[in-house]
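I have placed the structure first, in the form of structure tokens, so that the comments after it can refer back to it.
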Amino acid sequence: LTGVLDDCLCDIESIDDFNTFKIFPKIQKLQERDYFRYYKVNLKRPCPFWADDGHCSIKDCHVEPCPESKIPVGIKAGSSNKYSKAANNSKELEDCEQANKLGAINSTLSNQSKEAFIDWARYDDSQDHFCELDDERSPDAQYVDLLLNPERYTGYKGPSAWRVWNSIYEENCFKPRSVYRPLNPLAPSRGGLEFVFLFSWTGLCLEKRVFYKLISGLHASINLHLCANYLLEEMWGKPRWGPNVKEFTRRFDPIETKGEGPRRLKNLYFLYLIELRALSKVAPYFERSVVDLYTGNGHEDAESKALLLDIFRDTKSFHMHFDEKSMFAGDKKGAKSLKEEFRLHFKNISRIMDCVGCDKCRLWGKLQTQGLGTALKILFSEKEIQSLPENSPSKGFQLTRQEIVALVNAFGR
């Protein structure tokens with residue numbers, strides 16, 4: 001990819017240089033620190049939009065002594081004939097077991113970590129605008145070590161995954177003038193990867209174009225990570241992970257995707273710009289002495305905050321930021337209505353993440369959605385951030401630890 005991105009004055013080469021040499025090494029270090037590596041998530045919330053109608057398509061899966069939630073929906077099917085003898089073979093059983101293993105969450109935590117989490121919970125003042133937040137007090141909510149559960153290929157694919165993304169794009173996304181998307185995998189296929197020409201609208205306002213690009217960029221980020229960290233082979237029980245160029249080509253090559261692939265990647269750069277802008281805007285919130293990245297370890301907390309402020313200085317130095325003031329700038333009544341529509345669409349998308357059938361995919365989907373929602377909350381709260389009191393908590397603008405962790409890790413992705 002080269003050249004200028006649409007709807008902003010920034011070019012791809014400038015973002016690459018800035019990220020590679022300034023931002024990425026520091027954000028990677030920050031993600032490894034205790035404050036940012038633990039994320040509390042409820043992976044058992046029911047899907048609010050459709051019943052869990054999946055059935056295991058593999059021999060004996062439906063009688064395995066393991067919880068239903070452990071079996072990725074991608075290996076289930078909606079037709080009962082999958083239980084017939086013809087469908088039951090050892091290859092399918094192996095696929096089922098592998099997908100279970102790949103999608104599993106490593107929930108190992110030290111006692112010291114558990115004690116620290118109790119303190120962190122006391123430190124938070126909960127409030128959120130753009131995302132449906134998990135109830136952290138729910139007995140089903142658990143802390144997850146993000147370093148032990150990296151975002152990568154899990155074997156989750158097929159009708160279930162398609163249904164999640166289709167619901168996001170078709171029911172909760174402002175649609176651009178023309179987009180090619182894969183057909184329903186449940187429909188009869190004529191062979192190969194088929195696409196349908198979905199829309200022929202004459203155009204969209206800036207706000208709706210931005211919304212679509214953010215969702216497309218998030219989708220591209222998730223797809224890129226599973227291509228970059230793919231299970232290449234498993235010998236003697238030891239998996240070998242690495243980049244899968246064939247999978248990357250299938251998802252992003254111009255010919256394979258009817259020209260959509262490069263657009264998806266450009267939308268990823270656009271998403272980067274939006275979250276970068278949010279980081280530069282929220283700096284005053286963290287520069288106050290009253291804000292502490294609290295873990296109970298004073299020395300580490302001070303180092304974490306110093307590194308975060310250093311990253312903020314870098315984000316401010318970037319000279320081609322997206323100008324969010326160009327959004328919602330029309331007549332006040334129309335702008336307010338559009339902003340509310342924007343917020344509700346995004347909140348609905350955050351709820352759809354509870355319909356993802358693979359634990360690890362759900363974890364990273366929820367985290368990155370909340371991170372983007374936090375970025376939007378920041379960009380639409382500029383006045384509140386500028387008027388923050390120096391030595392006391394603010395009632396006008398507040399970030400919980402969950403939001404901070406999600407914002408940093410989503411940007412890190």
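The values are calculated or read from the model by the stated rules, or taken from the named source; none is laboratory data. All figures in this text were calculated on a predicted structure; none of them were measured in a lab. Note that we place each Cβ from the backbone using ideal geometry, even for glycine, and neighbour counts take in every protein chain shown. Note: accessible area is taken over every heavy atom of the protein model, side chains too, but ligands, DNA and RNA are not part of it. Shrake-Rupley method; radii C 1.70, N 1.55, O 1.52, S 1.80 Å.
The residues of region 294-328 that are open to solvent by 70 Å² or more (accessible area, probe 1.4 Å) and under 27 Å from LYS208 (Cβ atoms), listed by number, are ASP323, LYS325.
Just one of the listed residues (LYS366, LYS383) is basic (Lys, Arg) and within 22 Å of the chain's Cα centre (by Cα), and it is LYS366.
Among the residues of this structure, LEU388 counts as one that is in contact with a Pro (Cβ under 8 Å, 6 or more places away or on another chain), on the phi < 0 side of the Ramachandran plot and not in a helix (DSSP H, G or I). If you check GLY330, GLY357, GLY373 for being modelled with pLDDT of 90 or more and among the small types (Gly, Ala, Ser), only one passes: GLY373.
Of the residues screened, LYS383 is not one that is crowded, with 21+ Cβ neighbours inside 10 Å and modelled with pLDDT of 85 or more.
Looking only at region 107-147, residues that are part of a loop (DSSP other than H, G, I, E, B), modelled with pLDDT of 70 or more, within 23 Å of ILE352 (Cα to Cα) and within 21 Å of the chain's Cα centre (by Cα) come to 2 in all. Suppose the filter is touching a strand residue (DSSP E or B) at 6+ places or on another chain (Cβ under 8 Å) and of a type in the set (D, E, K, R); does GLU256 pass it? No, not satisfied. In the set LYS266, LYS347, only one residue is under 30 Å from TYR156 (Cβ atoms), in contact (Cβ under 8 Å) with a residue 60 or more places away in the chain, out of contact with any Leu (no Cβ under 7 Å at 6 or more places or on another chain) and open to solvent by 20 Å² or more (accessible area, probe 1.4 Å); that residue is LYS347. Any residue at all in region 351-372 that's open to solvent by 10 Å² or more (accessible area, probe 1.4 Å), charged (D, E, K, R) and outside any helix (DSSP H, G or I)? No, every residue in region 351-372 fails to be open to solvent by 10 Å² or more (accessible area, probe 1.4 Å), charged (D, E, K, R) and outside any helix (DSSP H, G or I).
Among the candidates ALA406, ALA335, ALA410, ALA375, which residue alone is over 30 Å from PRO46 (Cα atoms) and open to solvent by less than 40 Å² (accessible area, probe 1.4 Å)? On inspection, the qualifying residue turns out to be ALA335.
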